[in-house]
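The values are calculated or read from the model by the stated rules, or taken from the named source; none is laboratory data. Just so it is clear, the structure is predicted and the values come from calculations on it, not from any experiment. Cβ placement follows ideal geometry from the backbone for every residue including glycine, while neighbour counts extend to all protein chains displayed. Protein only, heavy atoms only, side chains kept; ligands, DNA and RNA dropped before computing areas. Shrake-Rupley method; radii C 1.70, N 1.55, O 1.52, S 1.80 Å.
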Amino acid sequence: MTAAARIDPRPVEDDPSAWDAWVSGTSLGSYLQLSAWAEVKALNGWSSVRVATPAESAAADAGGNARIGTQVLVRRPTPMPWAFAYAPRGPVAERWSADRVAALTERLRDRLPAVAGRVSHLRIDPEVERDGPLDGDGELRSALRSNGWRPAPPIQPGSTRVIDLVAGEDALWGDLRKKWRQYVNKARSNGIRVVDADESRLGEFYRIYRETADRAGFLIRTEETYRATYRAFAPLGAVRLLFAETTDGEAVATLFLLRCGPRVVEPYGGMTEAGADTRANYLLKWEAIRSSGEQGATTYDLWGLAHEGIAHFKAGFGGREVHYVGAWDLVLDPAGRLAYDAAQRARVWVARRRRGLATEGSAAAFDGSGGAA
């Protein structure tokens, strides 16, 4: 292939609007790969670098089909001389192949140090189903290994449940388990209603989310983090805040939804004890699924199966369980990688001790905010 037949990747790398259009146009684009997420993480000291391979032809570039790329978040914890790089739910590609993985790996090795300086390692966790169509017989994992990537501890959930919204409301309702349909109807008979809300009610969202986190024993971010997320995605029309309310207007359950192209994700949510008693959470989730399809989304991601109880609850809403290829590291500086691992273990231990939580397990597995920040 001649150089003239290749499309320069820099316009996509350097133009946030062009980048967002490309990510949103791929079938597996994630909200964590949009420039709005980089804005959110910048408040916590992360910088961002977008890295993409050239499209292979002008025709391919128009549809984005030949390109593979990722938005990388970079943070340099003081006093360490190395930065840590992380591509949440990246890379993004419509089609994967060994050649594309090799091309992106080469470009990452060149561009990351040039833009970000000394980087210990880059972690990725592509939203690709293990042994699925893009990883048949482990093809993607094999390509990663052959290009120097190694399996790494997860930051984002390793599995989820995905609902296909294309079938329509009647089919979606039929996919709910009988007991789940009964609970939805019970919530309605209890006078529960579901409403969309704006930024003015984020304080209520956080109160419920905080109560849920304290009850379940997982870490969450500060209230300002969720405000920043709402403000970053609102101009894109890519955020919804939903509440289940009692007849007197008391919020008893909440969901914070984010969207990328035709895909809706529910990374944050919770309920009060009253919400559990009235089954408000069942009606809330059903309405979130139903209305997402009504608004033109084609996929609803229930975002993570942290433990058996959550997996059972989410399975009642239909869809199918998806397990991803997992997290992978590309080590760019071996000494820096060793220093990072030691510092990260200490940080998680201290954070959980301060909250009085068990020190085992990954706090990030419960929170879609992208790990240590």
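In order along the stretch 175-188, the Karplus-derived 3J(HN,Hα) couplings, from 6.51 cos²θ - 1.76 cosθ + 1.60 at θ = phi - 60°, round to 6, 5, 4, 3, 5, 5, 5, 5, 5, 4, 5, 5, 4, 4 Hz, and Gly and Pro are given as x.
Secondary-structure-derived ellipticity at 222 nm for the chain, considering helices only, amounts to -12000 deg cm²/dmol, per-run term -39500 (n - 2.57) for DSSP H runs with n ≥ 4. Comparing Cα centroids, the stretch 75-92 and the stretch 13-29 end up 21 angstrom apart.
Taking label points 7 Å from Cα along the Cα-to-Cβ direction, LYS179 and ALA311 give a separation of 1.7 nm.
Between the helical axis of 16-25 and the longest alpha-carbon principal axis of the chain there is an angle of about 70 degrees. The shape of the stretch 255-329 comes out oblate: with a ≥ b ≥ c from the C-alpha gyration tensor, a/c is at least 1.5 while a/b does not beat b/c. Rounded, prolate or oblate: which fits the stretch 130-171 when a ≥ b ≥ c are the square roots of the eigenvalues of the alpha-carbon gyration tensor, with rounded for a/c under 1.5 and prolate only if a/b beats b/c? The shape class here is oblate. Ligands, DNA and RNA are left out, and with a 1.4 angstrom probe the accessible area of the chain is 43 Å² per residue. Taking 7 Å steps out from each Cα toward its Cβ at ALA335 and GLU223 produces label points 4.6 nm apart.
Over all other residues within a Cβ to Cβ distance under 9 Å of VAL194, the charged ones net out to -2, with Lys and Arg as +1 and Asp and Glu as -1.
Per the 1.4 Å probe, what fraction of the accessible area of the stretch 116-258, in percent, lies on carbon and sulfur atoms?
47
Lys pairs in the chain, Cα-Cα under 15 Å, at least 8 apart or on separate chains: how many?
Numbers: LYS178/LYS186; LYS178/LYS314; LYS179/LYS285; LYS179/LYS314; LYS186/LYS285; LYS285/LYS314.
The result is 6.
Other residues lying with their Cβ under 12 Å from the Cβ of ALA346 contribute a combined charge of +3, Lys and Arg counting +1, Asp and Glu -1. I'd like to know which of LEU144, SER200, ALA213 lies farthest towards the positive end of the charge dipole of the stretch 125-230, counting +1 on Cβ of Lys and Arg and -1 on Cβ of Asp and Glu. Result: ALA213.
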